[in-house]
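Let me begin by presenting the structure, written as structure tokens, before commenting on it.
The values are calculated or read from the model by the stated rules, or taken from the named source; none is laboratory data. From a predicted model like this one, the values you see are computed outputs, not experimental measurements. Cβ coordinates were reconstructed from backbone atoms using ideal geometry, including for glycine residues, and neighbour counts include every protein chain displayed. Heads up: the accessible areas ignore ligands, DNA and RNA and are worked out on the full protein's heavy atoms, side chains in. Shrake-Rupley method; radii C 1.70, N 1.55, O 1.52, S 1.80 Å.
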Amino acid sequence: MFQPSDVTLDAAGNLYITEWGSSVRKVDMGAGIIITIAGTCYGAFAGDGGPATSAYLFYPSSIALDAAGNLFIADRNNDRIRSVESIPDSVPDKFIFTDQVGVPLSTLLTSNMIIVSGITTSASISIAGGEYSVNSGAFTFAAGMVNNGDSVTVRQTSSALMATTTDAVLTIGVFRIYSA
């Protein structure tokens, strides 16, 4: 965490922290993880109406939550208040795919299955560097939706070169950001 400048708690006891440079983090006390709610690692202005984790903030200095769970961010160097809309919990509990090592070169690999949990509404799902399958359906690289209790499997092709790794990054759930 880089120079935290403000904190606030939500009704569930989760901690929200502004990082002086360009992001807002949430400490999910139930899942025991820290996730980025808004911002990137670059200070600038962009991203209104899109995913909050793709938005650019420029020195978020203060944060507050209203009774509905909307998050308000004082975006100091952009001279605006940015808001992250309250949405039902669409960020799942922590899940882990098992690394596969020592596999043959250029081989199609399928991960262990995980079960999506901890969300109360449909959540977006996307992948970079591979494909995913929901509930044993067809594998796809297109963005889609998942629900609590859905099973997800990832597959990707191993590296064609020795001593080189490949990664697939699966993202479930997003927050959107707006300027006020």
**Prompt:** Residue check: is residue 37 more than 30 Å from residue 153 (Cβ to Cβ), surrounded by 14 or more Cβ atoms within 10 Å (Cβ to Cβ), β-branched (Val, Ile, Thr) and in contact (Cβ under 8 Å) with a residue 40 or more places away in the chain?
**Reply:** no
**Message:** Looking only at region 130-145, filter to residues that are open to solvent by 30 Å² or more (accessible area, probe 1.4 Å) and assigned to a strand (DSSP E or B); which one of those is nearest to residue 92 (Cα to Cα)?
**Reply:** 145
**Prompt:** Within the set of pairs 6+ apart or on separate chains, which have a first residue in region 113-124 that is within 15 Å of residue 31 (Cα to Cα), a second that is part of a loop (DSSP other than H, G, I, E, B) and hydroxyl-bearing (Ser, Thr, Tyr), and C-beta atoms under 6 Å apart?
**Reply:** 119/90
**Request:** Run down 102, 21 and say which single residue is assigned to a loop (DSSP other than H, G, I, E, B), touching a residue at least 12 places away in the same chain (Cβ under 8 Å) and of a type outside the set (A, V, I, L, M, F, W, C).
**Result:** 21
**Message:** As an exercise: evaluate residue 42 against (1) open to solvent by 50 Å² or more (accessible area, probe 1.4 Å); (2) at pLDDT 85 or above and give the number of the one condition it does not meet.
**Reply:** (2)
**Asked** Among the residues of region 116-129 satisfying the criterion of being open to solvent by 40 Å² or more (accessible area, probe 1.4 Å) and in a loop (DSSP other than H, G, I, E, B), which is modelled with the highest pLDDT?
**Response** 129
**Request:** Might you check whether a residue that is among the hydroxyl-bearing types (Ser, Thr, Tyr), out of contact with any Phe, Trp or Tyr (no Cβ under 7 Å at 6 or more places or on another chain), at pLDDT 90 or above and over 20 Å from residue 33 (Cα atoms) occurs anywhere in region 166-173?
**Result:** no
**Item:** Identity of the residue in region 71-86, touching a strand residue (DSSP E or B) at 6+ places or on another chain (Cβ under 6 Å) and either surrounded by fewer than 19 Cβ atoms within 10 Å (Cβ to Cβ) or closer than 22 Å to residue 118 by Cα (or both), that ends up modelled with the lowest pLDDT
**Value:** 85
**Prompt:** If you go through region 147-173, how many residues are small (Gly, Ala, Ser) and outside any loop (DSSP other than H, G, I, E, B)?
**Reply:** 1
**Message:** Looking at region 67-83, can you tell me whether even one residue there is more than 30 Å from residue 160 (Cβ to Cβ), among the basic types (Lys, Arg) and under 14 Å from the mean Cα position of the chain (by Cα)?
**Reply:** no
**Prompt:** Quick one: which of 54, 90 is surrounded by 14 or more Cβ atoms within 10 Å (Cβ to Cβ) and modelled with pLDDT of 80 or more?
**Reply:** 54
**Message:** Please count how many residues of region 148-165 are surrounded by 15 or more Cβ atoms within 10 Å (Cβ to Cβ) and farther than 16 Å from residue 108 by Cβ.
**Reply:** 3
